[in-house]
1. Kindly provide the Kirkwood hydrodynamic radius of the range 12-81 in Å, to one decimal, from all pairs of distinct alpha carbon atoms.
2. Hey, what do the phi angles of the range 55-65 turn into as Karplus ³J(HN,Hα) couplings, whole Hz, using 6.51/-1.76/1.60 and θ = phi - 60°, x for Gly and Pro?
3. Which parts of the range 29-43 would a label at residue 68 reach, counting a residue when its backbone N lies under 19 Å from a point 7 Å out along Cα-to-Cβ?
4. Can you work out ³J(HN,Hα) from phi for every residue in the range 27-32, in order, using Karplus 6.51 cos²θ - 1.76 cosθ + 1.60 and θ = phi - 60°, giving whole Hz and x for Gly and Pro?
5. About its Cα centre, how strong a charge dipole does the range 12-81 have in debye, to the nearest 20, once Lys and Arg get +1 and Asp and Glu get -1 at the Cβ?
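We did not get these values from a lab; they are worked out from the coordinates using the rules stated. These numbers were taken from a predicted model, which means no experiment stands behind them. Virtual Cβ from ideal backbone geometry, glycine too; neighbours counted across all protein chains shown.
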Amino acid sequence: MSDSAEQSNGKSRLPALQSVLAKLPWYDDLAPPHRGEMLEEVTLLMVAGTTRDIYAQSLERWAEVAHVDMKWARFALLRASGTLTE
């Protein structure tokens, strides 16, 4: 099948955006709602044709969100295990 035929069918050889984002080392640290928000934001950035610097700023911000999400997840595990009490 030719590239133009694949594109007209809505198919592409490129991996889905979510698969690409999932390769980021901190992606799994994001809470599920944040993963969805990040996917939407990156999709909008792609549609808008933004610069590489804008992508970098966005990814840096999402890496910070993932760090905070991971802290809250660990805190919740400690509370659930009884290690932390109120």
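1. Numbers: mean 1/r = 0.0760 Å⁻¹.
Its Kirkwood hydrodynamic radius stands at 13.2 Å.
2. So the Karplus estimates, Gly and Pro as x, are 4, 4, 4, 5, 5, 5, 5, 5, 5, 5, 4 Hz.
3. 29-42
4. Working through the residues one at a time gives 4, 5, 6, 6, 5, x Hz.
5. On the way: 8 positive and 9 negative charges, 44 e Å.
Computed charge dipole of the range 12-81: roughly 220 debye.
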